[in-house]
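The values are calculated or read from the model by the stated rules, or taken from the named source; none is laboratory data. On a predicted model such as this, the values are computed, not experimentally measured, just so you know. Cβ atoms come from the backbone with ideal geometry, glycine included; neighbour counts cover every protein chain shown. SASA here: full protein model, heavy atoms, side chains in, ligands and nucleic acids out. Shrake-Rupley method; radii C 1.70, N 1.55, O 1.52, S 1.80 Å.
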Amino acid sequence: MTMLGSFALRCMLACAVVCCTALGFSPSQAHANEITVYTSYEEDEAAAFLAAMQRDLPDLRVNMLRLSTGDLHARMLAEAANPRHDVIWGWAVTNMVDPRVLAMLEPYEPQGIERVPARFRDPEGRWFAKTGYMAAFCVNNEVLQRRNLPMPTSWADLLKPEFQGEVVMPNPASSGTGYLQIASILQMKGEDAGWDFLRELDRNIAQYIKSGSRPCNVASAGEFAVGASFALRAIKNIDEGYPITMVIPAEGAGNELEATGLMRSSRNKEAAKRFIDWTLSEAAVEEYYKWKEIVTVSGGTMPESFIKAGLPEDIGSVMVDMDFDWSAANRDRILRQWQDELER
Amino acid sequence: MNGSAPLPRGRRPRDLEPLFKVLVAAAIAVPLLVFVLYPLVHILGRSFQTPDGLGLANYAAVMGTQRFMRLVYNSFEVTVVTTVITVVLAYGFAYAVQRTCMPLKNLFRLIALIPLFAPSLVQAQGLVLMLGRNGLVNRTLGTDFSIYGYWGIVISSVLYVFPYAFLIFSASLALADNRLYESSRILGAGPLRTFWTVTLPSTRFALIASTFVVFTLVITDFGNPMVVGGDYSVLATEVYNQVIGQANFELGTVIGMVLLAPVAVAVAFEKWINRRSHAQISEGSQPLSVRPNPLRDRVFTAYSALICLAILSVVGIVIFASFTHLWPYRMEFSLRHYRFDVQGGIQPLWNSITIGLMAAGVGVVAAGLAAYVTEKFRTVLDSPLYFLCIVPAAVPGMVLGLGYILAFNAPGNPIYPLYGTLFLIAICNVYYYHAQGFLIASTSMKQISHTFDEASSTLGATFLRTMRKVTLPLMWPTLVGVAVFFFMRSMVTLSAVIFLITPSTQVAAVSVLFLEDRGAVNQAAAFSVCIMAVVVAVLIVARLVLNFFGHRHISLIR
């Protein structure tokens, strides 16, 4: 074969590939039993939930996209003109109450909604929150020992000079976990004292990291002594075998609820509603208790590994009573001030 | 394949040819307009959108801050230093491969290209495993230094862009006219003098091109700064922050637009140099024969071995970590990280392979034709077409990806049916990497003397016949390299696709990012190893196919 021959062949092959894919991968019309779900649940927990869902609703096909809270927010706003998904599942309430997001939701009262206490629901029925997560420190035992550091038990302990350069924290501008941490500090101490505290803490912070789970992960890897993160990440990393201790700050743990809602634009509302109904079923709640530190629906008990990792059974006793409306309403202003003063 | 292409047999009226050429040039410009300029214009428009209508408020808000000036300074500091280091190191390495009698050339060349086989994240990840505060070096030696920040970004960026510069230099140094070197030797010039007066000037274009490519790749990369940058913020990470973190498209687009500024300067400069460059292979050329020189060869072997050691150790430690039970605490061998428990398991890898094949097919045609048309046609559309071809190099991937969402995710748009398909991701990759593919092709095309075309044309051949008889035989190896280039980039790219993936079009590199983000560092490493394995396998297959068609002497990647 001549050189041109093989070149022409390549061109034809390329064209064939182009045509096939253009036809074959065109978005097919939504099947009756197929929905797309956007979620910010951690990858492993979402996979477990979906596996349980598939046992109960074997005919329902769920395409799931998992992105972190901030990513998903950006994506949904970018796609707002023509949303691709039918359901938002397990996503921070603070972001859900963004008026631009609320406008995309359709009120729906799923079966079993009465199991969710009223304070965890939108009065207009656009979302309800059945799970949540709370702030916790991941402290690396090996690093503490090597550098001769005391075990911190509170946010205040992190101000000690010996922790200089040993603490990492999420950047609240990009991370939902980061925002709930500084929002909880501002709510507990009041804004003036809260900002003073954050400024003082800033001296010891080695890095502000752009994700909520990474601070725990880098502390687990021993890169830094303390990573301010969330409880489930600490528990899972302890399970993995990392030499870390989960510390719930003595002042109280900031927390966030994960909400679910039906998209007004859904092209397959019947299937979407079946899915949402399932998220409040017995089987679903059972799974939540295996994976989440906060479950708003009663009917389960906390797994052994959570308690072994240091989570109190009465979780309400260590949590800050968060004002989510305040967190949402002041998000832009607080982030702007944080960026002006503390962002590096 | 006789008659498979409707070739004109000299009967075409010659005066129609200029018109035909303009039409072809225009046809090549159309996809560039649709898939590069249109999304960018959309982004540009968004950057002027404020709550009070159109205005400059977004620009004023971003540029008025001290932090922004610091980011600009940081970005340029890192980028300029990285570019200088990379260009010098890669030139020396390419020289060693093409112009010395160093042993194991093919092995060295392959090792130098390894960074192309894995997502850029892996360079930074390997660096942290090795030089992090709890990395191998600190743990072993009991030292306590930190890689995070300026030097972390520079080192990982050099490793990340090294192959790009090497590919360009290697392609340029591969072609030379032996008569010049013979003359230089006979006239009594020493090796250094020959280098300064013959070699260096003949690779001017490659120097400019690689500086340009490296500069724009580094200034727009966010993967490495995110992993090892610590608090050393740069413009690219700021775009990520503004758009992903705060859903602030307007401010993100402003910084994206600011990142476009260097390209204008680079384009003008490159154009100026281009006018002064001349072909170094002409009809009387003789291929270069490199004579052994024990001292020179030994020095360059040691130099190349050092560079390869650096590249191998960073990638090797990631591969090693993927096979340990729990790095760095339990180092025993384990395959548990290869049980991928992400959504869809290993499916993202198949998606990436599909995208890579499509991008290779589309990319080689798009970039190859564009290079041919801008180099050989000399139509009025040359300058705008050239600009379109290299503009993507200065577009941060995520800005292009965001532009695709903003522009194409509207039911009225003709491109809308492609939205949410693997094919659109492939297109996005082709046009995101268009400038590099185009420059590789045109660097090589530039070195083919115009006298070939003129001779061919004087003898009455149409340009299609010239292309078939003259250009393609000379270009063939480079085009294969371009195809492989597009495939590899598509397998490992992160930034452009992060906005385009959907539940059914998850890609492997993004899986690595998610695994890394989730803290499954070993699993992320394992996924990267799978990506590298696929790329290497494809390279081997391509090699075998080339050999089968009798191109055994041609190096696949140039």
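For this structure, a couple of remarks:
- Residues of segment A:206-223 satisfying the condition of being assigned to a loop (DSSP other than H, G, I, E, B) and at the interface with chain B (Cβ under 7 Å from one of its Cβ atoms): A:210, A:211, A:213, A:221, A:222, A:223
- Counting only residues that are open to solvent by 10 Å² or more (accessible area, probe 1.4 Å) and either farther than 17 Å from residue A:179 by Cα or not assigned by TED's automatic domain parsing to the domain that holds residue A:194 (or both), segment A:225-243 holds 7 of them.
- Unmet requirement for residue B:315, which otherwise passes all of (1) within 12 Å of chain A (Cβ to nearest Cβ); (2) open to solvent by less than 10 Å² (accessible area, probe 1.4 Å): (1)
- Which listed residue is within 18 Å of the chain's Cα centre (by Cα), in contact (Cβ under 8 Å) with a residue 24 or more places away in the chain, surrounded by fewer than 24 Cβ atoms within 10 Å (Cβ to Cβ) and under 20 Å from residue B:221 (Cβ atoms), from B:154, B:161: B:154
- Within segment A:198-226, the set of residues being under 15 Å from residue B:133 (Cα atoms), in contact with a Lys or Arg (Cβ under 8 Å, 6 or more places away or on another chain) and among the small types (Gly, Ala, Ser) comprises A:222, A:225.
- Put simply, of B:429, B:409, B:413 the only residue that is polar (S, T, N, Q) and under 24 Å from residue B:483 (Cα atoms) is B:429.
- Some residue of segment B:124-132 being open to solvent by less than 10 Å² (accessible area, probe 1.4 Å), modelled with pLDDT of 90 or more, closer than 28 Å to residue B:533 by Cβ and not in a helix (DSSP H, G or I): yes
- Segment A:226-248, residues that are part of a helix (DSSP H, G or I), in contact with a strand residue (DSSP E or B) (Cβ under 7 Å, 6 or more places away or on another chain) and more than 9 Å from every other protein chain (Cβ to nearest Cβ): A:231, A:232, A:234, A:235, A:238
- Cross-chain or 6+ apart pairs with Cβ under 7 Å, segment B:320-332 first and farther than 19 Å from residue B:123 by Cβ and more than 10 Å from chain A (Cβ to nearest Cβ), then of a type in the set (S, T, N, Q) and buried (at least 20 other Cβ atoms within 10 Å of the Cβ): B:324/B:522
- Just one residue in the set B:218, B:243 is within 14 Å of chain A (Cβ to nearest Cβ), aliphatic (A, V, I, L, M) and in contact (Cβ under 8 Å) with a residue 40 or more places away in the chain; that residue is B:243.
- Options B:388, B:402, B:406; residue that is within 22 Å of the chain's Cα centre (by Cα) and within 10 Å of another protein chain (Cβ to nearest Cβ): B:402
- Identity of the residue in segment B:33-75, hydroxyl-bearing (Ser, Thr, Tyr) and modelled with pLDDT under 85, that ends up farthest from residue B:237 (Cα to Cα): B:50
- So residue A:340, is it under 20 Å from the mean Cα position of the chain (by Cα) and open to solvent by 50 Å² or more (accessible area, probe 1.4 Å): no
- Every listed requirement among (1) open to solvent by 10 Å² or more (accessible area, probe 1.4 Å); (2) under 13 Å from residue B:398 (Cα atoms) is met by residue B:201 save one, (2).
- Residue within segment A:274-291 that is open to solvent by less than 10 Å² (accessible area, probe 1.4 Å), assigned to a loop (DSSP other than H, G, I, E, B) and farther than 28 Å from residue A:165 by Cβ present: yes
- Being within 14 Å of another protein chain (Cβ to nearest Cβ) and in contact (Cβ under 8 Å) with a residue 12 or more places away in the chain is a description that does not apply to residue A:127.
- Positions within segment B:351-376 being in contact with a Lys or Arg (Cβ under 9 Å, 6 or more places away or on another chain), at pLDDT 90 or above and surrounded by fewer than 24 Cβ atoms within 10 Å (Cβ to Cβ), in sequence order: B:365
- Applying the condition of being free of Cβ contacts under 8 Å to residues at least 40 places away in the same chain and open to solvent by 10 Å² or more (accessible area, probe 1.4 Å) to segment A:79-102 and asking which residue is nearest to the other protein chains (Cβ to nearest Cβ) yields A:81.
- Test: residue A:282 is in the same structural domain as residue A:87 (by TED's automatic domain parsing) and farther than 19 Å from residue A:47 by Cα: no
- For segment A:37-72, the tally of residues that are facing chain B (nearest Cβ under 8 Å), closer than 15 Å to residue A:175 by Cα and open to solvent by less than 10 Å² (accessible area, probe 1.4 Å) stands at 1.
- Residue match in segment B:339-346 (condition: more than 10 Å from chain A (Cβ to nearest Cβ) and aliphatic (A, V, I, L, M)): yes
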